[in-house]
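The block underneath contains the structure these notes are about, expressed in C-alpha cells.
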Amino acid sequence: MSYLDGRRSVFPEGGYDQILELFSLPASQRNNMKRYQELKLKENLSTNEQDELNSLTITLQHYIISEERMNLFGDILINMQKFFTENVEPYIENKKLEFQAEVDKMTYRGDWQPNTQYFKKNVVTSGGNGYIAKSDNLNQSPPNATYWGQISRKGDKGDPSLNINFKGAYEPSMPYVLGDAVTFGGLWYYAKQNTIGNPPTDATYWEIQTNQTLVSDTQPFDSRITGWVDTSL
C-alpha cells in the first residue's frame, strides 16, 4: 500500500502551490471529453494517439479531476499538517511560556518599601495610588516617572451613600424616611429626610432624581426638571 508523502507540494520551503481552478464542463467540450476518456481507457496508444491525449489534457485541464491533481491536494494537506506540528505548535507553546513569564513579573508587592529590590512589572501602592515598575530598581520611590508608571489613582472621598428603598407611587398619607424612593407624576424622587404629607415637589423633603426628562402634554410641575418632551404638539 502506498501513502502520500508531501513530495508534490512545494509548501512551505518553495512558497505556495499553484492549483488550477475547476469549472463545469461546457457543451462545447463534450466531444473532447468523450475522446479524452476513450484514449485514457486504451491500454496501448500509438504515437499520434499519445500526442492527441496530451493535447486534450491541456485543453480540458480546467474540467478534469485527475489522480495527479488529487495527489497534489493530498500532499498539500500533509505538508500543512507537518508545518503546523513542527513549527506552529512549538511557536505557540513558546509564546505561551513567554507570556506567562511576563504575567509572573506582574506581582503585587504591597506598599512600596525602601531598601527593597523591585523588578520590571512589579506592582506596588504608594500614597493610595498604584504603580507598575518600568525597570528593575532599588530605592527609587514612586511617583518617580523614570522607574514607575501610575496605573491607578486614589479616589476622592464621597458623600455617605443612601440605602434607597423603593416605595412605589407617592401616597400622601404614608410616612417616608431618609432614602425612600417614590414615583410622582412620572418622575423619580427620594426622601432627603423623614416626611409625611409633603409632596415630592417640596425640595425641603425630596430630591429629584437627576437626568430625567418629563414626557407629558402639560408643562413641568417641578422647577427642578431639566427636560420636557411636549406630547401635545
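In the range 108-126, the residues that are closer than 14 Å to PRO143 by Cβ reach residues that are among the basic types (Lys, Arg) with C-beta atoms within less than 6 angstrom, at least six apart or across chains, in these pairs: VAL124/ARG109. Exactly one residue out of VAL103, VAL124 is of a type in the set (A, V, I, L, M), modelled with pLDDT of 85 or more and farther than 30 Å from SER24 by Cβ: that is VAL124. It is to be established whether one or more residues within the range 78-87 are more than 30 Å from GLY127 (Cβ to Cβ), in a helix (DSSP H, G or I) and in contact with a Phe, Trp or Tyr (Cβ under 6 Å, 6 or more places away or on another chain). Yes, there is a match, as at least one residue in the range 78-87 is more than 30 Å from GLY127 (Cβ to Cβ), in a helix (DSSP H, G or I) and in contact with a Phe, Trp or Tyr (Cβ under 6 Å, 6 or more places away or on another chain). Any residue in the range 146-156 that is within 44 Å of the chain's Cα centre (by Cα), among the basic types (Lys, Arg), at pLDDT below 60 and part of a loop (DSSP other than H, G, I, E, B)? Within the range 146-156, none of the residues are within 44 Å of the chain's Cα centre (by Cα), among the basic types (Lys, Arg), at pLDDT below 60 and part of a loop (DSSP other than H, G, I, E, B). Residues in the range 36-58 that are in contact with a helix residue (DSSP H, G or I) (Cβ under 8 Å, 6 or more places away or on another chain) and not in a helix (DSSP H, G or I) were compared, and the one that is surrounded by the fewest Cβ atoms within 10 Å (Cβ to Cβ) is LYS42.
In a residue-by-residue description of the range 10-17, the property of being within 17 Å of GLU67 (Cβ to Cβ), surrounded by 10 or more Cβ atoms within 10 Å (Cβ to Cβ) and free of Cβ contacts under 8 Å to residues at least 60 places away in the same chain applies to at least one position.
Of everything listed in (1) modelled with pLDDT of 80 or more; (2) not assigned by TED's automatic domain parsing to the domain that holds THR125, the single unmet condition for PRO142 is (2).
The values are calculated or read from the model by the stated rules, or taken from the named source; none is laboratory data. It should be emphasised that the depicted structure is a prediction, and the values quoted were computed from it without experimental measurement. Positions of Cβ are backbone-derived with ideal geometry, glycine not excepted, and every protein chain shown enters the neighbour counts.
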